[in-house]
Amino acid sequence: MVIAFLKRLFGGGAADAAGAPPAAAAPASAGPKLRTYKGADLGIHREMISQAAIRTCEILQRAGYKAYVVGGGVRDSLLGLTPKDFDVATDATPEQVQASFRRARIIGRRFKIVHVMFGRETIETSTFRALQNDAETDEHGRVLRDNVFGTQQEDALRRDFTVNALYYDPIADQVQDWLGGVADLKDRTLRMIGDPATRYREDPVRMLRTVRFAAKLDFHVDPATLAPIAELAELLENVPSARLFDEMLKLLESGHALACVRRLRAEGLHHGVLPLLDVIVEQPHGERFIEVALANTDSRVRAGKSVSPGFLFATLLWQLVSDRWQARQAAGEHSIPALMEAMDSVLDEQASKLAIQRRYIADMRDIWGLQPRLEKGGRGAARAMEHLRFRAGYDFMLLRVEAGELPEELGRWWTDFVDGDSATRETLLDARPGEARAPGTKRRRRRRSGARKGGESGGDAGGDDGGSPGDGGDIGDAGAGREPDDDPRWREVPGQGGGSPRDRDPPA
Ligand code: ATP
Ligand code: MG
């Protein structure tokens with residue numbers, strides 16, 4: 001699959017690059033020439049850099065070390081974008097870095113970096129590293145160890161793209177460029193450092209990074225950087241699935257997920273990078289929903305809000321679940337068991353390909369599992385609101401409304417219900433079509449076992465906190481329409497958030 005992607009994406013004409021013996025990256029001794037720029041001349045200044053990153057550089061420089069902001073923080077600032085985070089590179093060893101700060105932790109055993117903490121901000125600080133020509137690799141050239149310290153120049157050479165190898169000294173207000181990154185930035189060109197085929201062999205994830213940065217930055221990809229990908233795409237199969245999952249998440253959480261996917265589509269890239277991406281770009285019916293969901297994710301990311309991976313993956317796989325759910329119902333199955341089976345089959349299928357973590361799988365089940373209740377609204381509403389993951393399920397339902405999958409009226413009803421006080425909720429329950437009580441009938445009061453569950457929206461949920469006298473606060477089920485509340489699979493498991501018993505199984 002992976003193979004097909006890059007082949008399709010980047011087409012033919014790559015044989016020469018892939019077939020040629022890998023040429024080594026320019027040796028450091030040949031020396032790329034250092035160019036320096038005043039920050040202000042390039043439109044970057046201290047105020048764009050996080051205080052924590054500036055402090056990290058200041059403290060290290062005062063201790064006699066070199067220290068620069070590097071990578072995405074510099075690149076994005078130069079482009080006028082808001083960087084996701086700021087990394088620092090230094091000639092101090094991890095131990096020396098740690099000794100320079102009150103709150104610093106060495107992370108990793110082989111590839112040690114230091115997390116320097118200021119308040120809630122963490123600055124990843126790494127020691128200059130060299131690309132070794134004799135590094136230990138697997139049989140395809142993938143570098144297995146990469147932990148040899150080097151000079152700043154060598155550190156620049158081992159980075160992926162020229163625009164990612166710019167060093168900014170926030171104290172001297174100076175940009176240092178060893179590899180022409182500033183010129184590439186101006187031309188909006190993504191260019192791999194060294195021989196692209198070799199660099200992809202060393203670390204196939206760089207192919208995904210090429211796609212992600214090209215889409216995120218809206219850059220043109222240098223032809224030599226593009227060419228080897230079609231041939232080398234299959235090397236992605238050797239990359240541990242957890243790392244692929246991380247890279248996928250970076251793509252989806254880049255704030256430009258929709259642009260990435262559109263770009264993949266525009267280039268005819270309908271298959272292959274990763275199984276999940278196939279699902280996203282190839283959905284026959286779900287295009288609108290995916291677009292709405294990705295646009296929503298992008299605007300959350302850009303507004304600095306968090307994105308829950310469980311929610312994200314629930315949206316990406318929803319169309320598959322929904323299609324199978326409907327097919328099962330059409331074949332005569334009851335709604336809830338049909339949904340559970342549809343969820344299981346999609347998750348089983350994906351789990352074998354994508355290392356989605358268990359806790360995310362549990363979130364996804366809860367979010368999907370809440371949908372039938374949310375579609376119904378009405379009397380089960382209060383109890384649905386007590387669900388640990390109600391808020392996520394509700395947000396998910398609103399996306400379905402926005403995508404035209406559910407009537408707008410339903411979204412409005414829920415929003416009024418969620419925002420309303422108990423009197424408003426009573427009125428809404430009576431107003432919901434098909435939910436009005438026959439005059440004189442009493443709602444059955446249901447005893448709840450155990451304490452109410454907490455949860456984001458649980459505080460004022462339901463009527464326990466005072467309904468009208470005689471009516472009881474709790475809004476129980478009245479006769480018909482008992483599913484899904486009476487289905488044992490719906491009962492919340494404390495700390496687990498409910499769902500089917502299979503929630504507790506590992507995702508294969
Ligand atoms: P962003 O954080 O916005 O996604 P970034 O460029 O900061 O982009 P990171 O993954 O945070 O990307 O990596 C920080 C820097 O480390 C990069 O800019 C690059 O210089 C270097 N780097 C990261 N991954 C690789 C890689 N696979 N090969 C070579 N260099 C890399
Ligand atoms: Mg970064």
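None of the figures in this text is laboratory data; all of them are computed from the coordinates on show. Source: prediction; values computed, not measured. Note that we place each Cβ from the backbone using ideal geometry, even for glycine, and neighbour counts take in every protein chain shown.
The table below gives the values:
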{"item": "Linear extension gain, residue 96 paired with residue 45, 0.36 nm per residue minus alpha-carbon span", "result": "15.6 nm"}
{"item": "Efficiency of FRET from Cβ geometry, residue 412 and residue 242, R₀ 35 Å, rounded to 0.05", "result": "0.25"}
{"item": "Peptides 89-96, 50-57 ordered by average Cβ neighbours within 10 Å, highest first", "result": "50-57, 89-96"}
{"item": "Full-stretch length increase - residue 171, residue 140 - with 0.36 nm per residue and alpha-carbon distance subtracted", "result": "6.9 nm"}
{"item": "Shape parameters for region 34-194, alpha-carbon atoms, Rg then Dmax in Å", "result": "15.4, 47"}
{"item": "Cα-projected label distance for residue 115 with residue 262, points at 7 Å along beta-carbon direction, nm", "result": "3.6"}
{"item": "Cβ-derived FRET efficiency at R0 30 Å, residue 344 paired with residue 249, nearest 0.05", "result": "0.80"}
{"item": "Exposure proxy order (Cβ contacts within 10 Å, fewest to most) of 123, 106", "result": "106, 123"}
{"item": "Pairwise label distance in nanometres, residue 106 with residue 34, each label 7 Å out on the Cα-Cβ vector", "result": "2.7"}
{"item": "Euclidean distance between Cα centres, region 194-213 to region 363-406, Å", "result": "41"}
{"item": "Full-extension gain in nm, residue 186 to residue 375, via 0.36 nm per residue minus C-alpha separation", "result": "63.0 nm"}
{"item": "Other-chain or far-sequence residues with amide H under 5 Å of residue 221's (modelled H)", "result": "190"}
